[in-house]
Amino acid sequence: MFEVQNALKDERFFDNPLVTSEPNIRFYAGTPIVSASGHKIGTLCVISDKPKKLTSSQKKALTILGKQVITQLELRMKNKKLVIANKYKTEFLSNVSHEIRTPLNAIIGLSGLVLETQELKDKFLEQYEFIQQIDFSGKRLLSIINSILDLNKIEAGKMELEPKECNLSQFITNIFNSLSAKAKEKNINYNKVENSDMPQTVIVDESKLGQVLTNILGNALKFTPSNRSIELNIAVDKNILKIAVFDEGVGIDTKEQIKLFDKYAQVGKSKNGEEGTGLGLSITKGLIDVMGGSINLESQSGKGTTVSFEIPFQVTTITSMEKGDTGDVGLIDFSKLNVLVVEDNKVNQMVILAMLKSLNIAATVEGSGEEALDNLTRHQYDIILMDINLPSIDGVATTRKIKAMNINSYMLALTADVYRDNQDKKLFDNFLTKPILLDDLRDSLTLPLTKLG
């Protein structure tokens with residue numbers, strides 16, 4: 001601690017310009033700011049234009065404040081390092097996402113197309129079952145990758161809400177029914193109870209709500225033995241959706257419950273040995289937080305578990321006609337579409353062309369942005385499927401050049417990178433994330449087709 005009680009009477013400072021003129025310093029007290037490595041990097045000081053003398057308690061307080069300053073500076077340094085580390089982690093996971101999803105696009109896409117071949121199932125049942133296992137394993141791997149990437153997106157603050165109009169009752173029923181086969185297979189009494197006051201059309205993030213509900217119901221089915229019960233209870237209070245899943249499963253020990261939302265801990269194992277990534281509840285809580293909701297879990301070992309959550313929603317009066325209901329997608333004739341595919345990867349070209357062919361669409365393929373731009377000087381297309389990760393001119397730059405040419409084709413981006421820049425999204429009419437599923441492709445082509453009439 002260094003203290004000058006009256007600078008005007010101190011031979012070291014009486015003629016200092018800061019003393020003889022503005023700011024007319026008379027009193028000064030400073031405590032050194034010392035880094036953890038022992039470097040003195042500055043001082044924390046107090047000054048006054050009147051002579052003063054610090055008490056012992058004031059000196060102690062100033063010393064403590066000086067230590068707090070260096071603590072805050074060091075925390076700021078650590079935060080900067082964490083930001084840089086997270087940036088590198090995101091870039092790494094972005095690359096991993098692309099490199100893994102590209103081959104998965106071929107595995108899941110082609111196996112899905114093969115499984116639609118009834119002749120193969122009729123004549124080569126054993127080989128058909130092999131392909132079923134390939135398809136299942138590919139989707140299982142994709143699920144694990146998605147869990148890791150989703151968790152990182154939530155932590156990095158890159159998980160965004162994508163609300164849209166939704167028939168809430170029908171949507172939840174579809175999610176519930178999609179898991180009914182598993183319940184039947186395990187001979188579980190699987191029930192749904194719904195509040196009669198459910199609004200028909202609301203605005204909510206369907207994707208995240210679906211993922212949350214699937215995770216919770218999936219866990220209940222995994223940990224509930226045969227001949228027991230699971231109940232999904234749905235209620236609405238004003239603009240709050242309240243959902244609870246009750247199961248008569250194995251339950252969770254009280255000591256284990258504190259680890260339930262920990263991404264680094266996996267709690268419990270089902271009776272039949274089914275295991276997951278252990279990230280399900282951690283991701284579920286993260287998604288509910290993003291949606292502005294809350295989640296609660298109550299469980300008793302050997303007696304079952306209740307998981308309940310609440311999320312807000314907006315009510316809308318928009319009708320299906322106003323939303324542009326496309327009706328029965330299966331009856332739509334896609335053959336009238338004129339489609340350009342811009343994709344450099346040969347395997348991905350094979351997958352997307354096979355899928356388009358199954359929809360009765362004959363498409364043109366270009367392997368680079370330059371080739372696509374040259375093609376567009378001579379031909380017109382209703383829809384352009386644009387891969388983002390192209391060599392030389394990437395898909396984003398190519399799309400900007402297409403827009404500059406005043407070409408109004410429907411732009412559908414194809415990407416294996418789930419960390420795509422939010423600004424880039426404004427360039428495109430829609431996104432498809434690889435691996436591309438046939439149903440998703442069909443849905444993505446339906447809207448522009450209906451607009452074309």
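The values are calculated or read from the model by the stated rules, or taken from the named source; none is laboratory data. Note that this is a predicted model, so its numbers are computed, not measured. We place every Cβ from the backbone using ideal geometry, glycine too, and count neighbours over all the protein chains shown. Heads up: the accessible areas ignore ligands, DNA and RNA and are worked out on the full protein's heavy atoms, side chains in. Shrake-Rupley method; radii C 1.70, N 1.55, O 1.52, S 1.80 Å.
Compared with the alpha-carbon gap, the fully stretched path from Thr306 to Thr71 is longer by 80.3 nm at 0.36 nm per residue. Model label points for Leu82 and Thr377, set 7 angstrom from Cα along the Cα-to-Cβ axis, are 5.3 nm apart.
Largest accessible area first, the listed residues Val341, Val83 line up as Val83, Val341 when surface is computed with a 1.4 Å probe on the assembled protein chains. Measuring from centroid to centroid over Cα atoms, what is the spacing of the range 1-72 and the range 157-222 in Å? Each part's Cα centre sits 64 Å from the other's.
For Phe14, Phe223, the ranking by accessible surface with the largest value first comes to Phe14, Phe223, using a 1.4 Å probe. The figure for Phe13 is an accessible area of roughly 60 square angstrom, using a 1.4 Å probe on the protein chains alone.
When the solvent-accessible area of the range 135-179 is split by element, carbon and sulfur atoms take up 53 percent of it, the probe being 1.4 Å.
Rounded to the nearest 10 square angstrom, Val69 shows an accessible area of 50 square angstrom against a 1.4 Å probe. Simple spin-label estimate for Asp440 and Leu141 gives 1.6 nm between the two label positions (7 Å along the Cα-to-Cβ direction from each Cα). Note on Thr173 and Lys121: the model spin-label points, each 7 Å out from Cα along the C-beta direction, lie 2.6 nm apart. Treating r as the C-beta distance of Ser294 and Ala235 and R0 as 25 Å, the FRET efficiency rounds to 0.95. If we count GluC sites (Glu not before Pro) as exposed when they sit in a DSSP loop and have at most 15 other beta carbons within 10 Å, what is the longest stretch of the chain that avoids them all? Result for the longest clean stretch: 323-453.
The residues of the range 17-121 expose on average 67 square angstrom of accessible surface per residue, using a 1.4 Å probe on protein heavy atoms. Only one item in [x] 1.37; [y] 1.10; [z] 1.16 matches Cα Rg over 2.2 N^0.38 Å derived from the coordinates shown, and that item is [x].
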